[in-house]
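Asks: A single structure is presented below for examination.
The values are calculated or read from the model by the stated rules, or taken from the named source; none is laboratory data. Predicted, not measured: the structure shown is a model, and the values here were computed from it. Cβ coordinates were reconstructed from backbone atoms using ideal geometry, including for glycine residues, and neighbour counts include every protein chain displayed. Accessible surface is based on the protein model in full, side chains and every heavy atom, while ligands, DNA and RNA are left aside. Shrake-Rupley method; radii C 1.70, N 1.55, O 1.52, S 1.80 Å.
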Amino acid sequence: MKLIFRSLKRYSGKVALAVFTKLLATLIELALPYILEHIIDYVVPSGELIKVILWGGLMFIAALLCRQVNVKANAIAVNNAHKVSYDIRQELFIKTTNLSGNQFDSFGLPSLISRMTSDSYNVQSAVQSLQIMCIRAPIMLIGGVTVSLFMDAHLALIMVIMLPVIMAVVIAISAKGMPMFSKVQQKLDGIVRVMRENITGIRVVKALSKSDYETRRFAKANEDMTKQDISAATVMAMPGPFMQMCLNTGLALVVIIGAGRVNDGLMKPGVILSFLTYFNMITMGVMGISRIFMTLSKANASANRIDAVIKTDTDQKILSEEAAEKPSGDGFICFENVDFSYGESLQSNSEDFGGQEREKALSGISFEIKRGESLGIIGPTGCGKTTIINLLMRFYDADSGSVFVDGRDVRTYDKDELRKNFGVVFQNDLIFKDSLNENIVFGRDVSPYQLRAAVEDSMAAGFVDSLQEGLDFEAAIKGANLSGGQKQRILVARALAADPEILVLDDSSSALDYKTDASMRRAISERHSGSTVIMIAQRISSVMNMTKILVLDNGKCIGYGTHGELMETCETYRETYKAQMGAIE
């Protein structure tokens, strides 16, 4: 709940206005039964028509004013709730984009999505309730009891005796139900995960005729969440029937005892009618408080999940240059005895690993390249090729060893300062639902000349110029209306557009034919000779002309040097070359 109150402080003035307006509306509403009682017991018996009209008019004006003030209060509260929800989502999004790789893996993408959506909605509902129900319900309850005591203390004692029992039951059951909503949100994470996997891999699911299998898998996740949600809702609904029984019993006692007191001349008939109205108000107040507990229970669980992300301190501090290691060589990019393992935060919190040592993604990696040189990285799937880029751009920090760029440990750079020097195409990179122009420029300061040059150097000019809209062509989500080769060329154009100091191409030509791939590599070599190029590829033909080639296997370097050197010293490289190039020849 700290997140909610912290967010409300930004709009304290408007929140105060909503609370005051709702308080005013509730007080007016509390006055209506009292006016009705006065009309029935005193105005009507007087037989004076003018008094009836005046008091009737007063009651009508009060009812109309109550409605208008309620509408205004609700509108202010809704507006405040949406603003708070907007701020929380914005803060959560910014924090999420700045999580380190380990932190992102720890929370998990499905969980982060559900926190951004359902959790933020629960918080929004709570903020709205805090300004409306948390004012109206207690005032109706306390005000109704107070006015009732003033009107007839004997009848009011019926409610006064029942209320503490009802409230004790509500509080006790709510305390039990609150933790259950955290489990509901965790189960929702599972649903989001299955949905995301199916939406992302829908073609594979259909191609392998696994729709029924995935439907059953989703049904299992859906059933788990539904059961947990039913359990939580059932617990939180338990006070309802008990409260209704108590209140209906009290209502019956009010009618019976009230009728006897009227018959004995101890009270007037209008008091009973007014009393019944106040009793209904008190009933609504108690039920409202019960709903508040349920809403705040959900919101508390959701707010804690959101706050856990927002309050996560970065695990990637910026080191001072004095505290950081210095490179032993004079390379522009340098790895020195780097070890790295994924999933530290995940594995440390999981029983599945039983305290076993994590498998290393990289072990003892060392190499260096000078400014303007090129590095090819080759090896089987899962050997650690992309991990080198993750460490170079500081998405993750090495477990041991050091990574240097331009003579500085990457940990001494501000992340934006480091990454602005890169132009990158990742594996399975993303085409956004936007024009090709915006997909390439990507909000950067790119001149029309740079844009055209990038399109030509990536070999995308041919298909772009054939489109009627040209670069204004609207790409679908994930580039669904583009072929694999077209997408890769647009992604390479994006990487080239800002003339990066370091160009990273991670398996960026797998969908291109050999001729187009060779033409693109030649254009990059000739027109971007000032860039330091790192190319990850499966094809030896893509890296054989690089200044240096790094051969990886199981996270270890098994070869490093030029093409010629590796043909002599690295058996794996030599066999791969013969297998690939022999097939081409």
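Asks: Being modelled with pLDDT under 75, assigned to a helix (DSSP H, G or I) and of a type in the set (Ser, Thr, Tyr) narrows it down to one residue among Ser231, Ser209, Ser182; which is it?
Replies: After applying the criteria, what remains is Ser182.
Asks: Quick check: anything in the stretch 139-149 surrounded by fewer than 19 Cβ atoms within 10 Å (Cβ to Cβ) and among the hydroxyl-bearing types (Ser, Thr, Tyr)?
Replies: Within the stretch 139-149 (the criterion being surrounded by fewer than 19 Cβ atoms within 10 Å (Cβ to Cβ) and among the hydroxyl-bearing types (Ser, Thr, Tyr)), the answer is yes, since at least one residue qualifies.
Asks: How many of the residues making up the stretch 438-455 are open to solvent by 40 Å² or more (accessible area, probe 1.4 Å), of a type outside the set (Lys, Arg) and not in a loop (DSSP other than H, G, I, E, B)?
Replies: The number of residues fulfilling the criteria is 4.
Asks: Right, next: Pairs needed: first member in the stretch 547-567, closer than 18 Å to Asn337 by Cβ; second member anywhere, open to solvent by less than 50 Å² (accessible area, probe 1.4 Å) and basic (Lys, Arg); C-beta distance under 9 Å; at least 6 residues apart or different chains.
Replies: Leu550/Lys385; Leu552/Lys385
Asks: Does Asp517 satisfy the condition of being over 38 Å from the mean Cα position of the chain (by Cα), within 28 Å of Pro448 (Cβ to Cβ) and not aliphatic (A, V, I, L, M)?
Replies: Taking the combined requirement at face value, the residue satisfies it.
Asks: When Asn198 is evaluated against the numbered criteria (1) within 24 Å of Thr234 (Cα to Cα); (2) touching an Asp or Glu at 6+ places or on another chain (Cβ under 8 Å), which criterion, by number, is the only one it fails?
Replies: (1)
Asks: Taking the residues in the stretch 261-276 that are surrounded by fewer than 18 Cβ atoms within 10 Å (Cβ to Cβ) and assigned to a helix (DSSP H, G or I) as candidates, determine which candidate is farthest from the chain's Cα centre (by Cα).
Replies: If we take residues in the stretch 261-276 being surrounded by fewer than 18 Cβ atoms within 10 Å (Cβ to Cβ) and assigned to a helix (DSSP H, G or I), then Asn263 is farthest from the chain's Cα centre (by Cα).
Asks: Looking at the stretch 111-125 only, could you name the residues that are under 14 Å from Gln186 (Cα atoms) and either of a type in the set (D, E, K, R) or open to solvent by less than 20 Å² (accessible area, probe 1.4 Å) (or both)?
Replies: Ser111, Leu112, Ser114, Arg115, Asp119
Asks: Moving to a separate point now. Give me a count of the residues in the stretch 364-382 that are open to solvent by less than 40 Å² (accessible area, probe 1.4 Å) and either in contact with a Pro (Cβ under 9 Å, 6 or more places away or on another chain) or within 19 Å of Tyr573 (Cβ to Cβ) (or both).
Replies: Counting residues in the stretch 364-382 that are open to solvent by less than 40 Å² (accessible area, probe 1.4 Å) and either in contact with a Pro (Cβ under 9 Å, 6 or more places away or on another chain) or within 19 Å of Tyr573 (Cβ to Cβ) (or both) gives 10.
Asks: Further, regarding this structure: Which one is surrounded by the fewest Cβ atoms within 10 Å (Cβ to Cβ), of the residues in the stretch 501-514 that are over 31 Å from the mean Cα position of the chain (by Cα) and at pLDDT below 90?
Replies: Once the filter is applied, the top-ranked residue is Asp513.
Asks: If you check Ile161, Ile191, Ile139, which single one turns out to be at pLDDT 75 or above and within 30 Å of Asp264 (Cβ to Cβ)?
Replies: None of the others qualify; the one that does is Ile161.
Asks: Within the stretch 472-500, count every residue that is among the acidic types (Asp, Glu) and either open to solvent by less than 40 Å² (accessible area, probe 1.4 Å) or free of Cβ contacts under 8 Å to residues at least 40 places away in the same chain (or both).
Replies: So the answer is 1.
Asks: Also: Look through the stretch 336-357, keep the residues that are in a loop (DSSP other than H, G, I, E, B) and open to solvent by 60 Å² or more (accessible area, probe 1.4 Å), and return whichever of them is modelled with the highest pLDDT.
Replies: Tyr342
Asks: Take the stretch 83-102 and flag every residue that is among the hydrophobic types (A, V, I, L, M, F, W, C) and within 16 Å of Ile113 (Cβ to Cβ).
Replies: Ile88, Leu92, Phe93, Ile94, Leu99
Asks: Determine whether Leu92 is over 30 Å from Ala221 (Cβ atoms) and not polar (S, T, N, Q).
Replies: no
Asks: Only residues in the stretch 501-520 that are outside any strand (DSSP E or B) count as the first member; pair them with residues that are of a type in the set (Gly, Ala, Ser) and surrounded by fewer than 21 Cβ atoms within 10 Å (Cβ to Cβ), Cβ under 7 angstrom, at least 6 apart or cross-chain, and list the lot.
Replies: Between residues of the stretch 501-520 that are outside any strand (DSSP E or B) and residues that are of a type in the set (Gly, Ala, Ser) and surrounded by fewer than 21 Cβ atoms within 10 Å (Cβ to Cβ), the close pairs are Ala511/Gly484; Ala511/Gly485; Leu512/Gly485; Tyr514/Ser541.
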